[in-house]
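A.B. asks: Got a structure for you, questions after.
The values are calculated or read from the model by the stated rules, or taken from the named source; none is laboratory data. Bear in mind that the values here come from a model prediction, so they are computed numbers and not experimental data. Here Cβ is always computed from backbone atoms with ideal geometry, including for glycine, and neighbour counts include all displayed protein chains.
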Amino acid sequence: MINRPIAFVMAMTLILTLTGCQAGQKFDFNLSRFFTRLFNPKKAKVIEIQKELDANAAGQTNSTRPVITIYTKTPNWVGAPVGPHLLAAVWPDGRIVWSHDKTHGGKPLWHAKVDPAQVKSLLEDLEKDKIFSDRHMQKNYLVGDIQRYTIRLHHKNQNVTFHSCHELFERNPSIVVTAKSVESLEGRTREQVLAEQPADFRRFKSTWNKIRTAVRNWTPEKGKQYLDSTDFLYQNSPTD
């Protein structure tokens with residue numbers, strides 16, 4: 001029979017594990033979180049990742065987090081893993097991590113180094129464009145509850161987040177996403193359609209494309225596989 005002190009230690013260890021409390025942290029018991037971890041660990045993991053992403057956006061994490069993070073997320077009703085699924089992440093010192101799946105993101109992940117001056121230059125250009133300071137800039141263009149792409153930026157204690165679904169729809173070459181809907185091109189080019197859109201939407205698309213193009217250009221053809229890629233993006237930085 002297990003004696004009482006040992007049973008107490010085992011019980012406390014189980015509670016701390018299921019509540020997510022780590023060494024050095026203040027104990028914070030949450031009954032809902034406890035049962036979620038106990039009966040639905042996958043959902044609990046998604047909740048933890050989303051909380052960390054929200055903390056990033058609020059500037060509450062340390063300086064080792066990425067300055068550019070791009071990921072996808074799928075709504076629950078689709079039946080696919082919800083995510084977030086990493087597409088790419090870039091650090092100010094030139095570290096870059098990217099997904100082998102350029103469309104949906106997620107494992108396997110690879111890491112390498114790029115020129116940090118290029119990363120700095122992009123962020124400074126975005127700062128000059130007032131992307132971080134313009135509170136009135138529209139940053140969310142979503143059509144329905146479908147898979148979304150997200151870009152999160154962090155620069156000089158400033159944070160901005162963009163959400164869009166246009167990359168999903170525009171995989172079809174005959175489709176274009178406008179500020180309010182999804183349309184068939186019907187003989188038009190996307191450039192022609194975009195020229196007729198509101199200035200806010202054109203600015204949004206221009207900024208989005210600028211970031212995505214830069215990160216794609218930085219991404220090397222080969223890198224070192226990051227083997228422990230379950231949640232490193234939200235807790236650690238990859239090392240060479």
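A.B. asks: Residues I211, I151: which one is assigned by TED's automatic domain parsing to the domain that holds T69 and not in a helix (DSSP H, G or I)?
C.D. replies: I151
A.B. asks: Test of understanding: among D125, D129, which residue is over 30 Å from S184 (Cβ atoms), surrounded by 15 or more Cβ atoms within 10 Å (Cβ to Cβ), acidic (D, E) and out of contact with any strand residue (DSSP E or B) (no Cβ under 6 Å at 6 or more places or on another chain)?
C.D. replies: Being over 30 Å from S184 (Cβ atoms), surrounded by 15 or more Cβ atoms within 10 Å (Cβ to Cβ), acidic (D, E) and out of contact with any strand residue (DSSP E or B) (no Cβ under 6 Å at 6 or more places or on another chain) holds for just one of D125, D129, which is D129.
A.B. asks: May I ask you to list the residues in the range 206-218 that are touching a residue at least 60 places away in the same chain (Cβ under 8 Å) and either aromatic (F, W, Y) or under 12 Å from Q118 (Cβ atoms) (or both)?
C.D. replies: Those that are touching a residue at least 60 places away in the same chain (Cβ under 8 Å) and either aromatic (F, W, Y) or under 12 Å from Q118 (Cβ atoms) (or both): A214, V215, W218.
A.B. asks: State the number of residues belonging to the range 100-144 that are within 16 Å of P220 (Cβ to Cβ) and at pLDDT 85 or above.
C.D. replies: The total comes to 12.
A.B. asks: Kindly provide the set of residues from the range 104-148 that are touching a His at 6+ places or on another chain (Cβ under 7 Å), free of Cβ contacts under 8 Å to residues at least 60 places away in the same chain and in a loop (DSSP other than H, G, I, E, B), ordered by number.
C.D. replies: Of everything in the range 104-148, those that are touching a His at 6+ places or on another chain (Cβ under 7 Å), free of Cβ contacts under 8 Å to residues at least 60 places away in the same chain and in a loop (DSSP other than H, G, I, E, B) turn out to be H104, G105, G106, F132, L142.
A.B. asks: Out of all the residues in the range 173-196, is one or more in the same structural domain as G105 (by TED's automatic domain parsing), closer than 17 Å to T103 by Cα and polar (S, T, N, Q)?
C.D. replies: Within the range 173-196 (the criterion being in the same structural domain as G105 (by TED's automatic domain parsing), closer than 17 Å to T103 by Cα and polar (S, T, N, Q)), the answer is no, since none of the residues qualifies.
A.B. asks: Which of the following residues is loosely packed, with under 15 Cβ neighbours inside 10 Å and closer than 20 Å to T72 by Cβ: R188, R152, R171?
C.D. replies: None of the others qualify; the one that does is R171.
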